[in-house]
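No lab work stands behind these numbers, since they all come straight from the coordinates. Just so it is clear, the structure is predicted and the values come from calculations on it, not from any experiment. Note that each Cβ is placed from the backbone with ideal geometry, even for glycine, and that neighbours are counted across all protein chains shown.
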Amino acid sequence: MEKVYAAGIGQTPVGEHWDKSLSNLSSAAIQLALNNSATLHVDALYAGNMLASSASQQANLGTLIADNAGLTGVETFTAEAGEASGAAALRMGYIAVHSGLVRTALVVGVEKYTDAVGPEMAAETASGLDYDFEAMYGLTPEAQAGLLTARYLHTFNPPREALGAVSVLAHKNAVGNPKAMYRRAISPERYAAAGLPGDGLNMYDIAPYADGAAALLLTSDKKIAEATGGGLIELLASQSAVDALALHDRPDALAFSAVTASVHKALARARVEWAQVDLFELWDAFSIYGILSVEACGLAARGEGWRWLAEIDHSPAGDMPLVTMGGNKARGFPIGAAGVYQAVEAVVQLRGEAGENQVPGAKIALVQSMGGPASNVFTHIFARS
Amino acid sequence: MEIPRHWRLQKQRYALVGEECPHCSAKIFPARDVCPECGGEAKEPFRFSGRGSVYSYTVMNNAPAGFEKTLPYTIALVKLDEGPTVTAQLTDLNDEEVQIGMPVEMVTRRIKEDGDERGMLIYGYKFRPVMG
Amino acid sequence: MNKEKGSLLLRPNRPVGIVGYGAYVPQYRLPAVEIAQVWGMSEKSVPIKEKAVPGLDEDTVTMGIEAARNALKRAGIDPKELRAVWTGSESHPYAVKPSSTIIAEAIGASSHIQAADMEFACKAGTEAMIMAIGLVGSGMGDYALALGVDTAQGKPGDALEYTAAAGGAAFVIGPAEESAVEIISAYSFVTDTPDFWRRAYQHYPEHGQRFTGEPAYFKHVSTAAQTMMDESGTTAADYTYAVFHQPNAKFPKRVAKSLGFSEDQIRTGLLSPVIGNTYAGASPVGLTAILDEAQPGDRVLMVSYGSGAGSDALDLRVTERINAVRAKAPKTADYITRRVEIDYATYARYRGKLQMR
């Protein structure tokens, strides 16, 4: 079993790239990652993507990406796990390199949300749900978050405006991230003014779908990893867990049990405790997911997640930094690519290259990605040696 | 045209026909190959009464394709009296506000068309506040 | 043909009756004055108070399913025992593919059934009832389900827009000894009379204005009712209740009077003032309202009318079983009092009158 090191990163800005295709975006990220690394040789490329097959009518995406990026001689395929596809590709890269069967793997997350427009795209993003029994009745990811929010408010009675804490933090951090989609801070008053529906979400509770590509080179070759600069960054753990796909099939929809399972396995594997984690890139596709995640991770008691998020300092210099580069909410949410963006952001932090968003002395970063409402959850732990 | 896909699920959708596990008597909806309670093979059809209560709900103002004409609509998690929870739209609401815990009953309504005005009509379960 | 008295009546070999009945009316109501305001017509001369409008997710099939479920609850039979599901309507959702098969599937009927759709304007439902009488009465099967349901479309600005409404009823026809209502006999009077029609691919029907009165509605309803009574040896006095097809409030009152019926006899079954004309559901839903209060021994005359044209008359007698059966499903009045008022704009949206593409 080989150690797995991060040895090159690249990311395009996140946004509505009307003029760029899946090929354009992925090859830009790949170029950046290869230029950033000390090697140009790649054995395998694992693509993470959710929508290309249906929204862009493009299957066999890994082959298209490799071909377009001029990577001859690689093996490739696409990993799909709903919105966590990027994290699934990262897991695939980890398994390949850790097993010793692949020396250098390029993990590429790419998503083109803007190849088509209209209600067809809303149907596309609902494809991660149970089609026959959730999507068929008109449910969407946003509606799932609405259902969870209404139930959470009913059960625990937090002040509604407190649910915006991660969104406010994300926007603040995005100001310092040149790759972010929305680089403007919002105040808690602005969050509240956007509406506080008791049975649903306001616009700041919803991470904006967007286009983007991010790439991360993984290798077992320590020399190459060291030569990249910024210190030796190791991918210490990669763990995944699932829950019932449909929200209605879970005994306790607010429990996010796959988060609990995934994070415990990862911490155990990495032999790390929460107290040692310097930053947590949690999955903020919707405000309620951040709240339920921190409860499921054991960082706050059931029903107290909102308070932990609202009352503790989570800025880069704070007690437990979260969404340090803007998260899905403000950096933007390139769906199947998001998991790789999170990993790249963690590496940026551990290298000390995060500029005004730098978490001082960051050594251990925990990254969590999910498909759907924690239907499929991936936890990765990076550490600087 | 997704004809076979919808045809397969007609009984389940029209009348909330699920399964009863012959091993542990758990009531299952929708029908599954493996009982989620005991892991045994589940196959006996079971017709649910259609009675349940609202576990959670949300009002949708952005619809996926096929549902735009019916906006805004309310979608809910409904806990059936017999145990399972289903996702379904609430219908026949008037100005009365939906409450979590509200008792509801199943009705069979038009869900959508398959594609456009030439496509097959898809009927299925929705829930309304209990009548009377 | 044998000219013996009674020979024109349809009487099956084995006595049959209504084992279970059920109705459905949607909750939305459009007051007639709303229509008058939009079209600049006099609010004083509206023909009814208000009509029932189906919701966006309702149609003849969905309403038929609920009416059928109510009928089955009252009948207390296993739906798999039905040998026919026949739906009469002029607003079947498919021009080709029977509503009856969808309704049959939804209510849990077996595959051993007849299931074509009927069309005869507003008498399509009673046609289905008479066919069911034939199936059960001949011994070919023990139970048959007959439905009359419509989501009638009114041409905007036309007089019929005031009354074209949605609703329906279902009847499980079975052996008389199991019935809550015995069917004594039936009789139909049919001619080729073009009073109201809709050509294929046209959205709205055409009608013959005042021609729809005497030569159409009145001639057929009167002839069917009078023939039924002559052949049966009865007069209006023999009936506790009467229900006629009710395109508005005036026509049924006038024909009732001409046949010797009082306002009291027709009051319970006359629902068009508050739900409009539910077309193939009209006299059937009226009948269910009567059955919701009728007592054992009461005799009921039901006469439908369908444009094109014809009338079906049914001579019914309520049995001892009615009180036990009645309580098993919602009453028609429960649906009528379930009322959400809408305006013309909402009505136009719900009835698909706004061109979206």
If you wrap a convex hull around the C-alpha atoms of segment B:1-106 and split its volume per residue, what is the figure in Å³?
120 Å³
Would you calculate, for chain A, the mean residue ellipticity at 222 nm contributed by helices, counting each DSSP H stretch of 4 or more residues as -39,500 (n - 2.57) and dividing by all residues, to the nearest 500?
-10000 deg cm²/dmol
When the Kirkwood hydrodynamic radius is evaluated over all pairs of different C-alpha atoms of segment C:95-220, what value in angstrom, to one decimal, is obtained?
16.8 Å
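Cα-Cα pairs above 18 Å in segment C:1-66: how many percent?
Value for segment C:1-66: 65 percent of Cα pairs lie more than 18 Å apart.
Please report B:C24, B:C35, C:C122, A:C297 as a ranked list, fewest other C-beta atoms within 10 angstrom at the top and most at the bottom.
Sorted ascending by nearby Cβ count, the order is B:C24, B:C35, A:C297, C:C122.
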Go through C:K123/C:K253; B:K79/C:K73; B:K11/C:K51; A:K20/B:K69; A:K265/B:K126 and tell me which ones have a Cα-Cα distance over 30 Å in this structure.
B:K11/C:K51; A:K20/B:K69; A:K265/B:K126
List the extent of the Cα atoms of chain A along each of their three principal axes, largest first, rounded to whole Å.
55, 45, 38
How big is Rg to Rh over segment C:70-116, alpha-carbon atoms, Rh as the Kirkwood inverse-mean-distance radius?
0.98
Assign unit charges at the C-beta atoms only (+1 for Lys and Arg, -1 for Asp and Glu), then state the dipole size of segment A:132-198 relative to its Cα centre in Debye, rounded to the nearest 20.
440 debye
Starting from the Cα gyration tensor of segment C:181-324, multiply each eigenvalue by 5, take the square root, and state the resulting semi-axes largest first in whole Å.
26, 16, 14
Run a plain Debye calculation on segment A:77-220 (Cα atoms as equal point scatterers, no solvent) and give log10 I(q)/I(0) at q = 0.10, 0.13, 0.15, 0.21 Å⁻¹, rounded to two decimals, same order as the q list.
-0.50, -0.81, -1.01, -1.27
Where N is the number of residues in segment A:1-53, Cα Rg divided by 2.2 N^0.38 Å:
1.32
Fewest-first ordering of C:M140, A:M181, C:M131 by Cβ atoms within 10 Å yields C:M140, C:M131, A:M181
Which of A:A365, A:A55, A:A88 moves the most in a Gaussian network model of chain A with Cα springs under 10 Å?
A:A55
Nearest 5 is fine: what % of DSSP beta bridges in the protein assembly as shown come out antiparallel, could you say?
75 percent
Among beta bridges that DSSP assigns inside chain C, antiparallel share in %, nearest 5:
70 percent
So if I place +1 on the C-beta of Lys and Arg and -1 on the C-beta of Asp and Glu, and nothing else carries charge, what would the dipole magnitude of segment B:3-129 be about its Cα centre? I want it in debye, nearest 20.
320 debye
Residues whose built amide H sits under 5 Å from the amide H of B:Y55, excluding neighbours closer than 5 in sequence, are B:L77, B:V78, B:K79, B:G101
Most exposed first by the Cβ proxy, i.e. fewest other Cβ within 10 Å, how do C:K250, C:K51 rank?
C:K250, C:K51
The protein assembly as shown shape via C-alpha gyration tensor axes, a/c threshold 1.5:
prolate
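At 222 nm, what helix-only mean residue ellipticity would chain C give, in deg cm²/dmol to the nearest 500, using -39500 (n - 2.57) for each DSSP H run of four or more? Walk me through the intermediate numbers first.
Numbers: 12 runs with 107 residues, N = 357.
Using -39500 (n - 2.57) per qualifying helix, the result is -8500 deg cm²/dmol.
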Using a Gaussian network model of chain C with C-alpha springs under 10 Å, which one of C:P93, C:P26, C:P47 is most mobile by mean-square fluctuation?
C:P93
A correct Stokes-Einstein calculation for segment A:234-385, using the alpha-carbon Kirkwood radius, 25 °C and 0.890 mPa s, returns a whole-number D in µm² s⁻¹ of 161 µm²/s
